[in-house]
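The values are calculated or read from the model by the stated rules, or taken from the named source; none is laboratory data. Just so it is clear, the model here is predicted, and its values are computed rather than measured. For neighbour counting, all protein chains shown are included, and Cβ atoms are generated from backbone atoms with ideal geometry for every residue, glycine included. To get the accessible areas, we keep the full protein, side chains included, count just its heavy atoms, and leave off ligands, DNA and RNA. Shrake-Rupley method; radii C 1.70, N 1.55, O 1.52, S 1.80 Å.
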Amino acid sequence: MKQFLSVHDVDDVDALVAEALRQKASPFSSEELGRHRTIGLVFFNSSLRTRLSTQRAAQNLGMQVIVLNTGQDAWQLEFADGTVMDGGSAEHIREAAGVLGEYCDIIGVRAFPSLKDREDDEREAVISSMVRFSGRPVVSLESATRHPLQSLADCVTIEELRTVRRPKVVLTWAPHPRALPQAVPNSFVEWMQRREVDLVVTHPEGYELSPEFMRDTAVEYDQAAALSGAHFVYAKNWSSYSQYGKILRHDPAWMVTAEKMAATADARFMHCLPVRRNVVADDAVLDSPASVVLQQAGNRIWSAQAVLKRMLEAL
Ligand code: AN0
Ligand code: CP
């Protein structure tokens with residue numbers, strides 16, 4: 001695998017899920033593969049799971065890991081070409097990415113959207129500049145529009161826990177006090193489209209995801225109707241795509257509650273984390289045996305390990 005920016009970089013999703021499960025069963029089976037190889041993880045935004053699970057995955061493969069938190073530690077970067085850099089930015093991405101390419105064999109990047117200018121966010125300036133100017137394979141640690149390592153871990157978790165051949169998977173919008181990206185739901189939808197599941201997305205009007213991601217995925221505006229018969233309930237907030245980056249409502253009626261879970265087909269509760277308790281889902285859901293959020297977070301290691309293994313094999 002030459003890069004991992006979206007599901008479109010994966011030929012065979014089933015095989016990658018199977019690889020992640022093999023890595024989970026035998027974490028150190030490829031510890032020679034990454035010997036004398038270095039991965040650089042570059043964070044433009046906060047992270048707990050992505051940072052630590054990707055480090056664990058790389059270490060299990062025998063790699064060295066270096067981490068750069070650009071916000072606090074590095075020079076402020078310029079992305080636009082042809083600018084006179086007499087403002088706040090001390091370094092251009094052309095040099096910064098090129099330097100990272102000198103130091104690393106593989107580069108991971110996290111860069112959230114501004115949620116201010118849709119076209120600008122969709123250009124994915126940070127991650128595409130890293131691809132262009134580093135000359136190294138790049139793995140997305142969540143870009144402006146996608147979070148593929150999360151979605152792969154979600155596929156692994158559903159594969160482990162499904163009780164029927166073709167489970168009903170419901171992605172439900174949930175309230176949140178801050179404007180969040182569409183990256184997690186976008187990716188979840190495009191990965192689920194490659195799995196044997198019945199996917200339904202439910203959200204209030206105005207929260208329609210981009211048609212580029214949704215394609216022919218079913219939308220049900222009535223949350224109760226969507227949750228009926230669900231085997232997996234995946235909660236996530238996102239800001240509006242049509243009224244780009246806006247919070248249209250805080251409606252607590254969309255929070256996932258134990259009562260709502262009781263009306264499903266004994267569904268498992270999923271969330272990518274971090275989750276705001278009693279806003280997105282109530283304590284009773286998160287503390288119930290139905291919640292698989294920790295298993296899901298644990299699977300971030302094996303997903304990253306499967307991806308890095310494929311990338312190392314292609315070096
Ligand atoms: C981020 C988001 O919604 O994209 C990261 C989730 C993995 N969440 C927050 O900023 C709370
Ligand atoms: N789920 C996830 O990506 O978490 P972090 O933002 O903590 O990395």
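Longer than 24 Å from Cα to Cα, which of Lys168/Lys236; Lys24/Lys260; Lys168/Lys260 are they? Say none if no pair is. Could you put the intermediate results ahead of the total?
Details: Lys168/Lys236 17 Å; Lys24/Lys260 32 Å; Lys168/Lys260 15 Å.
From Lys168/Lys236; Lys24/Lys260; Lys168/Lys260, over 24 Å: Lys24/Lys260.
Only Cα pairs under 8 Å and at least 6 apart count here; give the relative contact order of region 204-291 as a rounded whole percent.
Answer for region 204-291 is 32 percent.
Just add up the charged neighbours of Ala174: K/R +1, D/E -1, any other residue whose Cβ is under 14 Å from the Cβ of Ala174. Before the final figure, lay out each step's value.
Working: positive: Arg178, Lys236, Arg249, Lys260, Arg276, Arg277; negative: Asp251, Asp282.
So the environment of Ala174 carries a net charge of +4.
Starting from the Cα gyration tensor of region 117-192, take the square roots of the eigenvalues, sort them a ≥ b ≥ c, and report rounded, prolate or oblate (rounded when a/c is under 1.5, otherwise prolate if a/b is larger than b/c, else oblate). Write out the running numbers ahead of the final one.
Details: a/c = 3.15, a/b = 1.54, b/c = 2.05.
Note, shape of region 117-192 comes out oblate.
Any chance you could give the angle, 0 to 90 degrees and rounded to 10, that helix 13-25 forms with the longest Cα principal axis of the chain?
It is inclined by approximately 80 degrees.
Among Pro177, Leu52, Ala226, whose Cα projects farthest towards the positive end of the dipole of the chain, with charges put on the beta-carbon of Lys, Arg (+1) and Asp, Glu (-1)?
Value computed over the given set: Leu52.
Tell me the relative contact order for region 1-133 as a rounded percent, counting alpha carbon contacts under 8 Å between residues six or more apart.
Working: 153 pairs, mean separation 32.4, N = 133.
The value is 24 percent.
Grab the other residues whose beta carbon is less than 14 angstrom from that of Arg136, score K and R as +1, D and E as -1, and report the net.
On the way: positive: Lys2, Arg37, Arg132; negative: Glu102, Asp105.
With Lys, Arg at +1 and Asp, Glu at -1, the neighbours total +1.
In Å², what does the accessible area per residue of region 1-95 work out to with a 1.4 Å probe? List each step's numbers first, then the result.
On the way: 5290 Å² over 95 residues.
Per residue, region 1-95 has an accessible area of 56 Å².
Quick one: net charge around Ser239, please, counting Lys, Arg +1 and Asp, Glu -1 for every other residue with C-beta under 13 Å from its C-beta.
Working: positive: Lys116, Arg118, Arg178, Lys236, Lys246, Arg249; negative: Asp121, Glu208.
In short, +4.
How would you classify the chain from its alpha-carbon gyration tensor, with a ≥ b ≥ c the square roots of the eigenvalues: rounded for a/c under 1.5, else prolate if a/b is greater than b/c, otherwise oblate?
On the way: a/c = 2.04, a/b = 1.32, b/c = 1.54.
Oblate, since a/c reaches 1.5 and b/c is not below a/b.
Would you list which aspartates and glutamates come within 13 Å of Lys2, measuring only between C-alpha atoms, while excluding same-chain residues fewer than 8 positions from it?
Asp11, Asp105, Glu313
Can you classify region 148-297 as rounded, prolate or oblate using the Cα gyration tensor, where a ≥ b ≥ c are the square roots of its eigenvalues, rounded means a/c under 1.5, and otherwise it's prolate if a/b beats b/c and oblate if not?
Values: a/c = 1.43, a/b = 1.14, b/c = 1.25.
Note, shape of region 148-297 comes out rounded.
If you keep only loop residues by DSSP, which trypsin sites (Lys or Arg not before Pro) in region 182-234 have at most 12 other Cβ atoms within 10 Å of their Cβ? Walk me through the numbers on the way to the answer.
On the way: sites: Arg194, Arg195, Arg215; in loops: Arg194, Arg195, Arg215.
Listed in order of number, the matching sites are Arg215.
If you count only protein heavy atoms with a 1.4 Å probe, what accessible area per residue comes out for region 148-297, rounded to a whole Å²? Let's see the in-between values first.
Values: 5930 Å² over 150 residues.
Per-residue value: 40 Å².
I'd like the distance between the alpha-carbon centres of region 191-238 and region 256-304, rounded to an integer number of Å.
After rounding, the separation between the Cα centres reads 16 Å.
What figure in square angstrom, to the nearest 10, would you give for the accessible area of Glu208 with a 1.4 Å probe?
Roughly 60 Å² of Glu208 is accessible to a 1.4 Å probe.
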